[in-house]
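Encoded as structure tokens, the structure appears first; notes follow it.
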Amino acid sequence: MAQTQVQIPIAVPNPAAMNGGVAAATVASLYVGELDLNVNEAKLFDLFSQIGRVLSVRVYRDLTSRRSLGYGYVNFADPVDAARALDMLNLTPVNGRAIRVMHSHRDPSIHKSGSGNIFIKNLDKLIDNKALHDTFASFGNILSCKVATDPNGKSKGHGFVQFENEEAALKAVEKLNGMLLNDKQVFVGPFVRRQERESVYTNKFNNTCVKNLGDSTTDDDLKKVFGEFGIITSAVVMRDGDGKSKCFRFVSYENADDAVRAVNALNGKKFDDKEWYLGRAQKKSERELELKGKFKQSLKDTADKYQGNHLFIKNLDDSIDEKKLKELFSEFGTIISCKVLCNPGGISRGSAVVGFSTPDEASRAITEMNGKMVANKPLNVWHFCSKKRRGKHDCRHNFHK
């Protein structure tokens, strides 16, 4: 779902009245989440202006549907008012839903570092954001507190709390891990990112999968080969409906170290003129995730390959379709792709992407076509940038520079 990229205006107090303008501007800005979809800017302004002078309010919306994305920002003139609003309005019900208020941290390293972040699981389904916040607030200043919920708003039984400092987080883990909350024993521990969890899991496993087996390879042959590395708890040959081997099987070891040694020793070895592939047995969801990652990498490689070849065109007249667009740009070189961007109803958005076979051809097209009148409208033409690059560079500025 597309999100607006407009910068939120941040209140900047009088530099003479304070030390460190940037720091104060940051603490004067609040993030407001868990918003009911019917809550708009006026509603938030009325609520927060009771605390102090509000400079601006913005609820983020989907670019196409204009539907609320469930979060926004409120900027105060005075950091003291922002602090009071956080203290008084966090978890206040608005339209029957408790809003989540926290300081807006512009530095992404605060979120990426994971410092002071803990994970809680086996929560009673009746524990909401407020109850979780009240439980952990005694250990230190909380930056963020959230119970994970399904699309219907029901608790998934786990949550996250981020403290201002690591010491408070460690103290909470020490005191509350294994304790009873609403008669349920909870696990409380440091938050570990999915990539790190997967890394640990990848390097420690008991189940292996061997592929590309020969048709003549028997169970006894496999037990003899795999048994050299440790005690085998199970071995399953995958067969089709007629009982014929699918040429792969799963082998499970009692000891994870034995499984790792088997993979390291047998992967890539040839048996009966067949080169075996041996690795950790993956769940279906893991295989799908791996394939998805490879597909994304393939798209990235393709984009990098053609970097500088593609142009982005704006201010197109609605009468310009892909055939006419190709005619306009074909004189500058070989066009490998040509696409007019349309909304779901098939109506032109007034923009397009054209790809040339070489960067030189694309540069010539920019020189000749940028600013040219087409159907009484001046075209805007510049090098196409991926969304990730657009976040770091202004492609138009870089080109003209």
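The values are calculated or read from the model by the stated rules, or taken from the named source; none is laboratory data. Since the structure is predicted, the reported quantities are computational estimates derived from the model, not experimental observations. Positions of Cβ are backbone-derived with ideal geometry, glycine not excepted, and every protein chain shown enters the neighbour counts. Protein only, heavy atoms only, side chains kept; ligands, DNA and RNA dropped before computing areas. Shrake-Rupley method; radii C 1.70, N 1.55, O 1.52, S 1.80 Å.
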Determine how large the accessible area of Ile232 is when every protein chain is in place; take a 1.4 Å probe and give Å² rounded to the nearest 10. 50 Å²
If the reach is capped at under 12 angstrom between alpha carbons, list the aspartates and glutamates near Lys224, excluding any in the same chain fewer than eight residues apart. none
Ser285-Asp183 pseudo-label distance in nm [points 7 Å out on the Cα-to-Cβ vector]: 2.9 nm
What distance in nm separates the two pseudo spin-label positions at Phe191 and Asp36, each 7 Å out from Cα along the beta-carbon direction? 2.7 nm
What part of the accessible area of the range 48-148, given as a whole %, is carbon or sulfur when the probe is 1.4 angstrom? 51 percent
Going by accessible area, probe 1.4 Å, with all protein chains left in place, what is the ranking of Thr233, Thr149, largest first? Thr233, Thr149
Of Lys324/Lys372; Lys211/Lys294; Lys269/Lys296; Lys300/Lys324; Lys154/Lys184, which sit over 22 Å apart, Cα to Cα? Lys269/Lys296; Lys300/Lys324
Let me check something: with ligands and nucleic acids excluded, how do Phe332, Phe295 order by accessible area (1.4 Å probe), largest to smallest? Phe295, Phe332
